[in-house]
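Q: Pasting a structure here, questions to come.
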Amino acid sequence: MGKKMIFVSVGFLSAALIAFQIALMQILSIVQWHHFAFMIISVALLGFGAAGSVLSVWGNRLQKNAEWLLPVLMMVTAIAMALVTDISQQSGVRFDSYLLFAEYSHMGKLLMTYLIFFIPFFSGALAIGLIFVKHAASIGKIYFANLLGSGLGGLLALAGIGLFFSRQLPALISLLPLAAGLMIIPGKKKNFHRHIRFRPAVVKK
């Protein structure tokens, strides 16, 4: 995979993670009558922290499989972003902030909501962290792509709130990590041409 594609991929994924946070805040502000920004930010930080812990323990093994693992992680992030908000609003999962201390079952639902929202942040952060470690020699450019993407993601989310219904935002945002994963899928054509180029010619007499 080319480094330029890696930079663009990191930018797309970073934009999606920030935009998704803002979209979740908007959705919860409508459903729960409160934005729960502290909850969303804490879940995002938990996902990033857990991803860092996984990298510190299994970093070498993950780097060896990074070529196929990175697109998989990004596509998992896309699928999770598209599904978790709908799942969190199902009757068995949806919590009511006004009943948390009256009906203790809503405590369990709140915990389930945390775990569901955790998934896209963990997989997305793991992909970004793996890129940081795998391409440490270009960390300056990659970090720039990460920050630029995050900034643009915030603007994108604000524009999306004004143009689309809140329930549509997660699915639209999920297109960013999907595109990020597709653009870094290892190509077979390159390896095929390399194999043909260096195969010695056999001449029959």
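The values are calculated or read from the model by the stated rules, or taken from the named source; none is laboratory data. Quick caveat, the model's predicted, so the values are computed rather than measured. We place every Cβ from the backbone using ideal geometry, glycine too, and count neighbours over all the protein chains shown.
Q: Starting from residues that are among the charged types (D, E, K, R) and without any contact (Cβ under 8 Å) to a residue 24 or more places away in the chain, keep the ones in region 92-132 and report whichever is farthest from L178 (Cα to Cα).
A: In the first step, residues of region 92-132 are kept if they are among the charged types (D, E, K, R); the result is 94, 96, 103, 109.
Subsequent filtering for residues that are without any contact (Cβ under 8 Å) to a residue 24 or more places away in the chain retains 103, 109.
Working: E103: 39, K109: 29 Å.
Here the answer is E103.
Q: Does A15 satisfy being at pLDDT 95 or above, assigned to a helix (DSSP H, G or I), out of contact with any Ser or Thr (no Cβ under 6 Å at 6 or more places or on another chain) and under 16 Å from I116 (Cβ atoms)?
A: On the way: at pLDDT 95 or above: yes; assigned to a helix (DSSP H, G or I): yes; out of contact with any Ser or Thr (no Cβ under 6 Å at 6 or more places or on another chain): yes; under 16 Å from I116 (Cβ atoms): no.
Here the answer is no, as A15 does not meet what is asked.
Q: Please name all residue pairs, on different chains or six or more residues apart, with Cβ atoms under 9 Å, provided the first residue is in region 13-39 and is over 19 Å from Q89 (Cβ atoms) and the second residue is not in a helix (DSSP H, G or I).
A: A16/S174
Q: Look through region 1-46, keep the residues that are small (G, A, S) and under 21 Å from I139 (Cα atoms), and return whichever of them is surrounded by the fewest Cβ atoms within 10 Å (Cβ to Cβ). Let's see the steps before the verdict.
A: Of the residues in region 1-46, the ones small (G, A, S) are 2, 9, 11, 14-16, 19, 23, 29, 37, 42, 44.
Checking the rest, the ones that are also under 21 Å from I139 (Cα atoms) come to 2, 9, 11, 14-16.
Values: G2: 10, S9: 28, G11: 23, S14: 25, A15: 26, A16: 32.
Per the stated criteria, the residue is G2.
Q: Quick check: is even one residue across region 70-91 over 23 Å from P177 (Cβ atoms) and either of a type in the set (S, T, Y) or under 14 Å from the mean Cα position of the chain (by Cα) (or both)?
A: Yes, region 70-91 contains a residue that is over 23 Å from P177 (Cβ atoms) and either of a type in the set (S, T, Y) or under 14 Å from the mean Cα position of the chain (by Cα) (or both).
Q: Quick check: is even one residue across region 172-180 in a helix (DSSP H, G or I), at pLDDT 90 or above and either farther than 22 Å from A66 by Cα or of a type in the set (V, I, T) (or both)? Step through it out loud before you land on a result.
A: So the first thing to find is which residues in region 172-180 are in a helix (DSSP H, G or I), and the list is 172-173, 175-180.
Narrowing further to those that are at pLDDT 90 or above: 172-173, 175-180.
Next, only the ones that are either farther than 22 Å from A66 by Cα or of a type in the set (V, I, T) (or both) stay: 172-173.
Yes, because at least one residue in region 172-180 is in a helix (DSSP H, G or I), at pLDDT 90 or above and either farther than 22 Å from A66 by Cα or of a type in the set (V, I, T) (or both).
Q: Of the numbered conditions (1) buried (at least 17 other Cβ atoms within 10 Å of the Cβ); (2) in contact with a Leu (Cβ under 8 Å, 6 or more places away or on another chain); (3) within 26 Å of F95 (Cα to Cα), A51 satisfies every one except a single condition; which is it?
A: (3)
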